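Peer 1: One structure is given below, represented as structure tokens, and several questions about it will come after.
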Amino acid sequence: FHKPKAILDASDVTVQFGGFKAIDNFSFSIERQEIHFLIGPNGAGKTTFLDVVCGKTASKTGKILFGNEDLTKKKEFQIVRSGVGRKFQAPSIFTNLSVADNLELAMEQDKRLFPLLKAKLTSKEQSAIKEMLELINLKSAGEQEAGTLSHGQKQWLEIGMVMIQQPRLVLLDEPIAGMTEEEEEKTGELLLKLKKKCAILVVEHNMDFVRSFSEKVTVMHQGQRLCDGTMEEIQENEQVMDVYLGR
Ligand code: ADP
């Protein structure tokens, strides 16, 4: 039995706020080109886990391996450089710049604290932006002011801004929140396209959305792993039905 090598392998992670364990000895791994949904009731520790992976919050115990690198003691900017991208729920686009310019600024992560647009892009940079516009369904909106995009389009732009840095793992927290049904559907298609490029860890509350994929799901409860499997498999689990899926 050959187990494919995980791109992210977090083991025995514990996060404590005061005397309270938000994450309690939690282990999680994700493979290359895998979409993995992290679900569970409010307060289960899902967002905190994303925070630990990207270095925003320190874990008290355990180890986080990313490829051959140990992220456990690394700082947030180092982890981004290693190839972990995160789309936050709070918007980070420049609304008065064009969609293409937003992608340009995102392309060089080191400049993001002091972003400058170049007078002239190389042809390689131009084609990277063009490709990204196409990937995120904004092909004809490149010159449009980002502030005029719909809510869903803004979310795709943010995903594009993460993807243009060519991460090997992307963390998404409720990517379809506030979207129309049509936008949700297109986001689903987008995730399947992204999956060909990197691993994607998605925190999601919308079970219909999760069910629309046949991807792996991990259920978290009180900072711990309750179970994992496909949506079909976890629906058979008594405990999951009790604590989460509302029986
Ligand atoms: P989820 O994303 O699954 O809803 P969170 O990871 O946001 O859960 O939160 C897990 C638990 O940790 C919650 O009880 C939350 O109140 C607590 N928590 C999260 N961040 C902090 C913090 N900075 N300080 C104290 N408690 C926190």
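Peer 1: Using a ≥ b ≥ c from the Cα gyration tensor of the range 141-190 (square roots of the eigenvalues), is it rounded, prolate or oblate, where a/c under 1.5 gives rounded and otherwise the larger of a/b and b/c decides, a/b for prolate?
Peer 2: Working: a/c = 2.02, a/b = 1.11, b/c = 1.81.
Judged from the Cα gyration tensor, the range 141-190 comes out oblate (a/c at least 1.5, b/c at or above a/b).
Peer 1: To continue, here is another question. Given a cut-off of under 8 Å on Cα pairs at least six residues apart, what relative contact order in percent is computed for the chain?
Peer 2: 27
Peer 1: For the chain, the longest stretch holding no GluC sites (Glu not before Pro) located in a DSSP loop with at most 11 other Cβ atoms within 10 Å is which? Intermediate values should be presented prior to the final figure.
Peer 2: Details: sites that count: E143, E236.
Between exposed loop sites, the widest span is 1-142.
Peer 1: Any chance you could check the Cα centroid distance between the range 44-88 and the range 15-35 for me, in angstrom?
Peer 2: Cα centres, the range 44-88 to the range 15-35: 10 Å.
Peer 1: Let me ask another. Please give, to one decimal in nm, the separation of the simple spin-label points placed at F88 and H205, each 7 Å out from Cα toward the Cβ.
Peer 2: 1.9
Peer 1: Which far-off residues, 5 or more places away or on another chain, put their amide H under 5 Å from the one on I7, with H placed in the peptide plane?
Peer 2: Amide H neighbours of I7, under 5 Å, 5+ apart: I30, E31, R32.
Peer 1: Using the C-alpha gyration tensor of the chain, what are the square roots of 5 times its eigenvalues, in whole angstrom, with the largest one first? List each step's numbers first, then the result.
Peer 2: Numbers: eigenvalues 196, 90, 52 Å².
They are 31, 21, 16 Å, listed largest first.
Peer 1: Let me ask something else about it. Could you tell me how far the Cα centroid of the range 194-232 sits from the Cα centroid of the range 130-178, in Å?
Peer 2: 21
Where a number appears in this text, it was derived from the coordinates with a stated rule and is not lab data. Since the structure is predicted, the reported quantities are computational estimates derived from the model, not experimental observations. Positions of Cβ are backbone-derived with ideal geometry, glycine not excepted, and every protein chain shown enters the neighbour counts.
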